[in-house]
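Working notes, structure below.
The values are calculated or read from the model by the stated rules, or taken from the named source; none is laboratory data. Not measured: the values here are computed from a predicted model. Cβ sites come from the backbone with ideal geometry, for glycine too, and all protein chains shown count toward neighbours. Quick note on the areas: whole protein, heavy atoms, side chains included, nothing else; ligands and nucleic acids left out. Shrake-Rupley method; radii C 1.70, N 1.55, O 1.52, S 1.80 Å.
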Amino acid sequence: MNCDIEGDMENQVEMEEKMRLINQVLELQHTLEDLSARVDTVKEENLKLKSENQVLGQYIENLMSASSIFQTTETKSKRK
């Protein structure tokens, strides 16, 4: 009788441990899904910002080339 009780207790402890591990795995899966979604969002945002930076860089280059302040001294001497 004692063996049956001890066996049942061991089975119960084992089942509780399995359930704890299953819950932990499920929680980690959800965390991984959330992190993966965040990585995708950051990648999209990064591409958008790179594109905006290229546009702004081109705009600044155009402004600098149109302004006499940023012309080389050679060009200024030729104008005089």
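Helix 2-66 versus the longest principal axis of the chain: what is the Cα-based angle in degrees, 0 to 90, to the nearest 10?
Taking the Cα atoms of the chain, the angle to 2-66 is about 10 degrees.
Just add up the charged neighbours of Arg20: K/R +1, D/E -1, any other residue whose Cβ is under 12 Å from the Cβ of Arg20.
Numbers: positive: Lys18; negative: Glu14, Glu16, Glu17, Glu27.
Net charge in that neighbourhood comes out at -3.
Counting only heavy atoms of the protein chains, get the accessible area per residue of the chain (1.4 Å probe) and round it to a whole Å² value.
Details: 7810 Å² over 80 residues.
Per-residue value: 98 Å².
In the chain, what percent of the accessible surface is made up of carbon and sulfur (1.4 Å probe, ligands and nucleic acids excluded)? It would help to have the intermediate numbers written out before the result.
Working: 4510 of 7810 Å².
Carbon plus sulfur share of accessible area: 58 percent.
Rg and Dmax of the chain over Cα atoms: what are they, in angstrom?
33.5, 112
Would you mind computing, in nm to one decimal, how far apart the modelled labels at Leu49 and Ile22 are, each placed 7 Å from Cα along Cα→Cβ?
Each label point is offset 7 Å from its Cα along the Cβ direction, giving 4.3 nm.
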